[in-house]
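Remarks on the structure that follows.
Every read-out reported here was derived from the displayed coordinates using simple, explicitly stated rules and does not represent laboratory data. Values in this document were obtained by computation on a predicted structure and should not be read as measured data. For neighbour counting, all protein chains shown are included, and Cβ atoms are generated from backbone atoms with ideal geometry for every residue, glycine included.
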Amino acid sequence: MARRLHSKIDPARRVAYHEAGHAVAAYVLRQRFRNATIEMTEAFDGLVPMIGLDDILGKLEGRTRDSMFMTANGPAAESRFMRQGRRSFIGSYDDFGLVLRILGKLSGSSEEANAYANWLFERAKNLVSWEPNWTMAGALVKALEGAKTLPYADARRIMGTPESPFR
């Protein structure tokens, strides 16, 4: 049954939801990103390059936590769009791996890293499932499907006022 669901879903739309999840989380956390794109390259299906993500291990704890949370929101949005558990789809393993590598460097044990990762991905799922943010992601997906790449200013205009269920 799950295989049939996968075959009916447009892969580009799945990628658009994944990248919209990253962008919405960044915007809610008031973190800038360069752009959001669903243009496929040899290395990526889509991308929302966060400003400062390249040197994440050298950032302060709060910035690191926010960056991991933004990373976790791509898989969370993709999961909600696919209506499946967070590990039941292929497109997000790089995001999971990045978060686990960061946590491995910051944690005292793999158990601690896994517990934090589970909490982080659950929090990400809650952020994208909150209706104002899911609506924001949907608007961004529609724009990405048309434009393929949106600069930060355009994405910000499309998403409107950021809201968070955590404040």
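Quick one: length gained pulling R34 to E131 fully straight, 0.36 nm per residue minus the C-alpha distance?
32.4 nm is the gain from fully extending R34 to E131.
Using +1 at the Cβ of each Lys and Arg and -1 at the Cβ of each Asp and Glu in the range 9-159, identify which of G146, F44, M159 lies farthest towards the dipole's positive end.
Working it through, the farthest residue towards the positive pole turns out to be M159.
Want the number for W119 to L100: 0.36 nm per residue separation, take away the alpha-carbon distance, what's left?
Fully extending the segment from W119 to L100 adds 5.6 nm.
Label R13 and R83 with points 7 Å out from Cα along Cα→Cβ: what is the distance between them in nm?
1.2
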